[in-house]
Amino acid sequence: MLRYIACAATAFMFLAPAQAAIQSYDWTFTGGFLGIESGSPFDATLQGTFTVNDVNADGKFDKSELQSFSYRGYDYPTCAGCSIYSFSWVPGSAPEFDINRRTDTEWSYSSESVRTGHSYGFFSGAYGGGEPYIGGGRWTSDVTFKVSAVPEPQTWLMLGAGLLALGAVARRRKSV
């Protein structure tokens, strides 16, 4: 009996830190938007990833617990010209964020922003003249979201170690 309690305590020691580990998620918003300029409906897909660490262990994530945020290949916390104005997420609900990226070259500029529940947009133009290009859309009630966890390497390692331990126990019982 003591052996079973020791095994359970050991298993709990390995599982407890895994719950507080940094976790990555893929996010996708898909559906109907209304064109900013035209007002016409269109479908679009916005997707990226974010990594969070529930530092205060409340099950909710805010901007201070955000480790990384990627959209269209840019890692917003580290890229020049990228800003994260707000971020919050409760598992089971849609993430809420307001991000912006501005790129300047010698001859032109461009900017893209996403404000969940409100709008996403982009514009570009040339210094010294020319008409700027403006595009994007306003959120509608038809926009759906999906958030899925990205398995971390240590998750696979813990699964493998657990399966090996179960195999060892089964083998030992069979040989006894």
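General remarks:
- Restricted to segment 56-83, and to residues there that are in a loop (DSSP other than H, G, I, E, B) and within 25 Å of ASP104 (Cα to Cα), the residue that is most open to solvent (accessible area, probe 1.4 Å) is ARG72.
- For segment 31-55, taking the residues that are at pLDDT 90 or above and of a type in the set (S, T, N, Q), the one that is surrounded by the fewest Cβ atoms within 10 Å (Cβ to Cβ) is identified as THR45.
- Candidates GLY129, GLY92, GLY135 - the one that is open to solvent by 70 Å² or more (accessible area, probe 1.4 Å), farther than 12 Å from TYR71 by Cβ and of a type outside the set (D, E, K, R): GLY92
- Scope segment 97-112; condition at pLDDT below 95 and closer than 19 Å to THR49 by Cα; matching residues: GLU112
- Qualifying positions in segment 93-110 - without any contact (Cβ under 8 Å) to a residue 40 or more places away in the chain and part of a loop (DSSP other than H, G, I, E, B): SER93, THR105, GLU106, TRP107
- Any hit, segment 146-155, residues being farther than 17 Å from PHE50 by Cβ, part of a helix (DSSP H, G or I) and without any contact (Cβ under 8 Å) to a residue 12 or more places away in the chain: yes
- Segment 138-162 - residue that is modelled with pLDDT under 80 and surrounded by 15 or more Cβ atoms within 10 Å (Cβ to Cβ) and, of those, farthest from ALA80 (Cα to Cα): MET158
The values are calculated or read from the model by the stated rules, or taken from the named source; none is laboratory data. All values derive from a computational prediction rather than experimental measurement. Here the Cβ is made from the backbone with ideal geometry for all residues, glycine too, and neighbour counts use every protein chain on show. Side chains are part of the model used for accessible areas, which takes the heavy atoms of the whole protein and leaves out ligands, DNA and RNA. Shrake-Rupley method; radii C 1.70, N 1.55, O 1.52, S 1.80 Å.
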